[in-house]
Amino acid sequence: MSGTLVVISSPSGGGKNTVMRELIARIRNTARVVTTTTRAQRAGEVDGMDYHFIGRSVFEQKIVDGEFVEYNEYAGNLYGLQKVHLHDALNTYTFVYYQADVHGKQSLDRLGIPHISVFLLPESLGVLEERVVQRGGVSDESLAMRLDIAREEVKMADAYDLAIVNKNGALQEVVEEIMRFLGQE
């Protein structure tokens with residue numbers, strides 16, 4: 001495998017997908033490896049592009065069959081990185097972006113899978129809450145759970161190679177800082 005895995009983490013609503021889209025648009029020969037999930041598909045999401053959406057029983061069978069590099073449960077849904085998707089992407093692209101929560105990053109560390117890690121910090125939990133609410137599809141109970149998880153995740157940002165505040169309206173600056181960190185100025 002010739003590509004470099006770049007793990008991008010943030011609390012829910014922290015801008016992972018937006019930052020990854022910008023990096024892909026600005027750095028040649030890069031792609032996002034798509035996560036598999038049991039979460040319900042939101043309006044506008046495309047299966048195979050945003051996530052690989054599968055049922056819980058299918059996901060659990062893939063676990064038994066050893067098809068995941070790493071997986072975990074977040075807010076009642078399973079998320080994971082399938083080996084075949086990662087290997088295909090790393091054999092094709094220079095940089096492969098992977099959206100993972102802090103536990104996913106820890107799993108990659110434990111497994112000794114080489115990667116560069118970036119944590120997108122929210123400018124505040126209030127801004128983070130607004131982003132999640134605006135995105136839609138989240139109940140009050142789920143929102144409260146996500147904010148509790150976010151408080152814990154932010155504490156783990158120091159374990160990343162790069163931690164950067166993803167301020168509203170500063171997308172270009174955030175992307176440029178990540179590009180410099182990756183040596184892609």
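So which GluC sites (Glu not before Pro) in segment 123-175 end up in coil per DSSP with only 14 or fewer other C-beta atoms within 10 Å? Sites meeting the loop and neighbour criteria: 123.
Taking label points 7 Å from Cα along the Cα-to-Cβ direction, residue 177 and residue 148 give a separation of 3.0 nm. One chain, two ends: residue 158 and residue 125. Fully extended at 0.36 nm per residue, the span grows by 10.1 nm beyond their Cα-Cα distance.
Taking 18 Å as the cut-off for C-alpha to C-alpha distance, list the pairs among 83/155; 62/105; 105/167; 16/83; 16/167 that go past it. It would help to have the intermediate numbers written out before the result.
Details: 83/155 29 Å; 62/105 20 Å; 105/167 23 Å; 16/83 21 Å; 16/167 12 Å.
The pairs that break the limit, which is 18 Å between Cα atoms, are 83/155; 62/105; 105/167; 16/83.
Can you tell me the convex hull volume per residue for the chain, based on C-alpha atoms, in Å³ to the nearest whole number?
For the chain, the hull spanned by Cα atoms encloses 116 Å³ per residue.
The helix-only estimate of mean residue ellipticity at 222 nm for the chain, built from DSSP H runs of length n ≥ 4 each weighted as -39500 (n - 2.57), is -12500 deg cm²/dmol after division by the residue total.
Assuming R0 = 30 Å, what is the FRET efficiency of residue 134 and residue 87, from their Cβ-Cβ distance, to the nearest 0.05? So, using R0 = 30 Å, E works out to roughly 0.25. Here the 3J(HN,Hα) profile of segment 55-61, calculated from phi with Karplus coefficients 6.51, -1.76 and 1.60 at θ = phi - 60°, is x, 4, 5, 5, 4, 4, 5 Hz, Gly and Pro shown as x. Rounded to the nearest whole Hz, the Karplus-based 3J(HN,Hα) values (6.51 cos²θ - 1.76 cosθ + 1.60, θ = phi - 60°) of segment 97-104 follow the sequence 8, 10, 7, 9, 7, 4, 6, x, with x at glycine and proline. Scanning residues 5 or more positions from residue 121 or on other chains, those with amide H under 5 Å from its amide H are 164, 165, 166, with H placed 1.01 Å from N in the peptide plane.
Taken together, the values in this text are just the output of simple stated rules run on the coordinates, not laboratory data. Everything quoted here is computed from the prediction, not taken from an experiment. Don't worry about glycine lacking a Cβ; one is built from the backbone with ideal geometry, like all the others, and counts go over all protein chains shown.
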